[in-house]
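Nothing in this text is a laboratory measurement; each read-out follows from the coordinates by a stated rule. Predicted model only: the values in this text are computed from it and were never measured. Neighbour counts are summed over all protein chains in view; Cβ atoms, including those assigned to glycine, are modelled from backbone coordinates with ideal geometry.
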Ligand SMILES: [Ca+2]
Ligand SMILES: [Ca+2]
Ligand SMILES: [Ca+2]
């Protein structure tokens, strides 16, 4: 009986692990100046007027019930002339598909990509009502550089050796947090209501863009994890193991058995 309980518990652990999805961007679709650097994707070099993007090569299904949690690590290094222009996390279903690449400079490589939702990490003041802070994180729709909402990440995006960002969508609200210590802050940096499926439609490519302009930096994505909620496809368990449902049923049966033994 004790062994059966342990089996049930281990199946529950497997089920939790099954939802974590590390995305290897080095096998994604790289566009423009993006290149693979070891296990990282370098979106731009520290050269003027570069733009690069990387997207998942296959699209994910999106519906009105889609929820997801994403996190990634990024760096912006060797800045010159004040450091520019920044990088962006982009969810898009534009006609270019995984080959999408937007404008350089203040466009951060996402400018003009339609049917898109973007979280920008923007470190150059291009002016305008929501770009008046040099150092800001923003949420943008349809490749429009005017953000719906912006916030100051507090640390300096011009020269960040390693930062982590978390982007969560609960079906209604898109929330963003970022830090330089790898620990998710207790309070999100910014959030806004987004109707994802009405913006992108039934499919979306997930990925990143960055650009330089007159001023420059190296923009790099080191690690990317994406997990869907309601649309997750369970990974197959090793042969011979019952499905997750079997483990849950076993737990339930054990619970009833223990109750019946006690009575
Ligand atoms: Ca700057
Ligand atoms: Ca800017
Ligand atoms: Ca901006």
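Taken along its three principal axes, the alpha carbon spread of the range 27-169 comes to 41, 35, 25 Å, from the longest extent down to the shortest.
Subtracting the Cα-Cα distance of residue 193 and residue 57 from their residue separation scaled by 0.36 nm leaves 46.2 nm. The length gained on full extension between residue 152 and residue 179, counted as 0.36 nm times the residue separation minus their Cα-Cα distance, comes to 8.6 nm.
Distance between the modelled labels on residue 162 and residue 73, one decimal in nanometres: 0.4 nm (7 Å Cα→Cβ projection). Peptide packing for 66-78, 171-183 was compared via the average number of neighbouring C-beta atoms within 10 Å per residue; ordered from the highest value, the list is 66-78, 171-183. Label zone of residue 48 (point 7 Å out along Cα→Cβ, amide N under 20 Å): in the range 119-150 this covers 123-127.
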